[in-house]
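The structure appears below as structure tokens.
The values are calculated or read from the model by the stated rules, or taken from the named source; none is laboratory data. These figures come from a predicted structure and were not determined experimentally. Heads up, the Cβs are rebuilt from the backbone with ideal geometry, glycines too, and the neighbour counts pull from every protein chain shown.
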Amino acid sequence: MRVAMKDEIDIPAMMADMGRRARAAAAILATADPEQKAQALRSAADHLMARAGDVIAANDRDMATAEEKGLSAAMLDRLKLDSARISGIADSLRAIAAQDDPVGELIDAWDQPSGIHITRVRTPLGVIGVIYESRPNVTADAGALCLKSGNAVILRGGSESFHSSAAIHACLTEGLRDAGLPEDAVQRVPTRDRAAVSEMLTMTESIDVIVPRGGKGLVGLVQREARVPVFAHLEGIVHIYIDAGADPEVALRVVINAKTRRTGICGAAECLLIHDDVVDTIGQGVIRALLDRGVEVRADARLQSIEGTVPAQDEDWGTEYLDSIIAARTVPDLDAAVDHIRRFGSDHTDCIVTADPAAADRFVATVDSAIVTVNASTQFADGGEFGMGAEIGIATGRLHARGPVGARQLTSFKYVVRGDGAVRR
């Protein structure tokens, strides 16, 4: 018989206890004063800035381990924290604090001939479980958005960001304490053991929804095994279609930013579609500019005539590289571009570059992705850029939340029916 060591963690018992404490905290948050929640976030931001050196030291430990494991440059970039990024996290906390509180917000109201007055108002979801990989800023973003929307949250970060996430979580805990709110409102799973993830996926009595944020493997695992409802954040197989009516300067600016600003984020472009009519003009210039910036261009047969490209393989259509790599192919028209996106896309973010309003309108109408951009970089696929302060993820499903998930998207609603002795006949 196997004997447990003293330092081993009883994962099921630990997760059950976290779930019970989260449920109790959620009951308090549901009616918490909006200013109290805002105070907690502002205080957390202050603690984060005061402890920036400690957070960077913790991140250095994670970076050293990640480099030893041979993580790609893009993955290291996702993991890296420096003074500027910590300041950005603090700014996000303050921006979320400054937003209108969604809890109790009136969505709709009407009267019925029976004498009843009906309102529909926002309510918290309850307890949210967030499972994410290497980006430590998700600890702050998810914790803050859940708190703002009156939800308790259980955070399970990736092993790569273990120490960084712990340091950020400590600041959130201090903020809650300063504001007089339960520290159990934002809990972090204190182990790398993947058994904790399996437990979260079956905690139907204490977790109301799971938000997975990471690669295809993580999201697929959660979708297959979860008994708790899931807000899916699928991989970002992001396309840019350069239409026949595109402006050359706009095309160059949008494509270069969408691919090279940060290659390791889900809004980075992964596939370039070029209308046949502009291959020898706009297409040539864009691809050469990508090559000049160190991007590997995996091209179809026609584009391989451009020196420096490499032949694309079948698997390149529908791959999320998260690296300085982009697939590129020609298409005869807008319909062919849309067909390609429908076949190989992930319903995340897709873009058209065109000066033709009719083409833009048709693309927007026929591409059913969570985010569709027109003459704008796909790197705008971010809750902060949408004015949400931050996001808990980009939901690619079609139920409840879709696109950037901010505080309002982390609420449900209830109907309140008022009368003056009204009875039904």
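Among the residues of segment 334-364, the ones that are under 21 Å from Pro248 (Cβ atoms) and part of a strand (DSSP E or B) come to 4 in all. Working carefully through the options Val416, Val423, find the one that is assigned to a loop (DSSP other than H, G, I, E, B), surrounded by fewer than 22 Cβ atoms within 10 Å (Cβ to Cβ) and among the hydrophobic types (A, V, I, L, M, F, W, C). It is Val423. Residue pairs whose Cβ atoms lie under 8 Å apart, separated by 6 or more positions or on different chains, with the first residue in segment 168-195 and outside the structural domain of Ala152 (by TED's automatic domain parsing) and closer than 18 Å to Gln39 by Cβ and the second small (Gly, Ala, Ser) and outside any helix (DSSP H, G or I), do not occur. Consider segment 210-228 and keep the residues that are among the charged types (D, E, K, R) and touching a Leu at 6+ places or on another chain (Cβ under 8 Å). The one that is nearest to Thr411 (Cα to Cα) is Arg227.
Annotation for segment 172-182: at least one member residue is within 30 Å of Ala370 (Cβ to Cβ), outside any loop (DSSP other than H, G, I, E, B) and touching a helix residue (DSSP H, G or I) at 6+ places or on another chain (Cβ under 8 Å). Filtered by the rule that a residue be assigned to a helix (DSSP H, G or I) and buried (at least 18 other Cβ atoms within 10 Å of the Cβ), segment 24-41 gives Ala25, Ala26, Leu29, Lys37, Ala38, Gln39, Ala40, Leu41. With respect to the conditions (1) in contact with a Cys (Cβ under 8 Å, 6 or more places away or on another chain); (2) in contact (Cβ under 8 Å) with a residue 60 or more places away in the chain, Arg424 falls short on a single one, namely (1).
Out of Val374, Val331, one residue alone is within 16 Å of Val255 (Cβ to Cβ) and in contact (Cβ under 8 Å) with a residue 60 or more places away in the chain. It is Val331.
The set of residues in segment 48-90 being among the hydrophobic types (A, V, I, L, M, F, W, C), under 20 Å from Asp323 (Cβ atoms) and loosely packed, with under 13 Cβ neighbours inside 10 Å consists of Ala73 alone. Which condition breaks for Arg262 when tested against (1) over 30 Å from Ser43 (Cβ atoms); (2) surrounded by fewer than 21 Cβ atoms within 10 Å (Cβ to Cβ)? Status for Arg262: all satisfied but (1).
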